[in-house]
Amino acid sequence: MIRLPSRILLKKKSNIWHQKLIGKLLSPFNKKYMTGYWTTIGRTIYVPTKYDADEDWAQQSWIDRHEPVLSHEMIHVEQYDRRGSLLHYMMYLGPSPFLLPVTLLCLIVGWSLAALIAGGLTIALLPLSVGLAYGRWRTEREAYQVSRMYGSYHGRIAHNLWHDYLFTWPKTWAMTWFEKHPAPKKAD
C-alpha cells in the first residue's frame with residue numbers, strides 16, 4: 001500500500017489537451033501513448049485512457065491496485081524535485097528540442113548566421129535526443145529499477161526503452177546495464 005504525497009496530482013490523459021497533442025505527435029512512434037502509457041510531467045501523473053471508466057478512479061483502492069506503476073512514476077516526481085524543471089526536462093528530452101525554438105526565433109528575426117548555427121547544433125545534437133539520449137536513459141533506468149522490484153523483466157524494459165521511448169538507449173547496452181545492476185529488494 002502506498003500513499004501519494006499531496007503534492008502529486010493524478011489526472012486523466014483524456015481530459016488534458018496537451019496530452020492529446022503529445023499523443024498525436026508520438027503516434028508514428030508509439031500508438032499506445034494515450035491508452036497504455038503513464039506520463040509524469042512535474043508533479044502531475046497523467047493516467048492512460050484505459051482507466052477512465054474505473055469506478056474507484058484515484059481512490060486508495062485504485063492507487064493500491066496500481067502501486068507498481070505509481071511507484072515508478074513517483075521516482076520521476078522525486079527527480080523533478082531534486083533537479084529542478086529546466087535540468088530535468090533537458091536531461092529527459094535532450095538538447096535538440098530546446099535549440100529548435102532558438103533556431104525558429106533567429107529565422108523570424110532575420111539573424112541568418114545565428115539561425116544557421118542554432119539549426120546546425122539542433123541537427124548535430126539530435127542523437128542526444130533520439131538514439132543516444134543518455135539523460136532520458138538515466139532518468140528512466142532509475143525509475144525502472146523500482147519497477148523491477150515488482151517483477152518487471154529487464155529484457156522487456158530494454159525493449160520498451162528503445163521502441164517506445166523514442167530510441168532512448170540501444171537495447172543491448174540497456175540489457176548489459178540491467179544485468180550488472182540487480183533489482184533492489186522491495187521493503188516489507
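I'm trying to understand the selection: among the residues of the stretch 106-156, which are surrounded by 18 or more Cβ atoms within 10 Å (Cβ to Cβ) and charged (D, E, K, R)?
If the condition is that a residue be surrounded by 18 or more Cβ atoms within 10 Å (Cβ to Cβ) and charged (D, E, K, R), then Arg136, Glu140, Arg141, Arg148 are the ones that fit.
Applying the selection to the stretch 56-81, what residues are within 18 Å of Gln145 (Cα to Cα) and without any contact (Cβ under 8 Å) to a residue 60 or more places away in the chain?
His66, Glu78, Tyr80, listed by residue number.
How about the stretch 1-25: which of its residues are assigned to a helix (DSSP H, G or I) and within 20 Å of His88 (Cα to Cα)?
His18, Gln19, Ile22
Values in this text are rule-based calculations from the coordinates and carry no lab data. All values reported here derive from a predicted model rather than from experimental measurement. Every residue, glycine among them, receives a Cβ derived from its backbone with ideal geometry; neighbour counts consider all protein chains shown.
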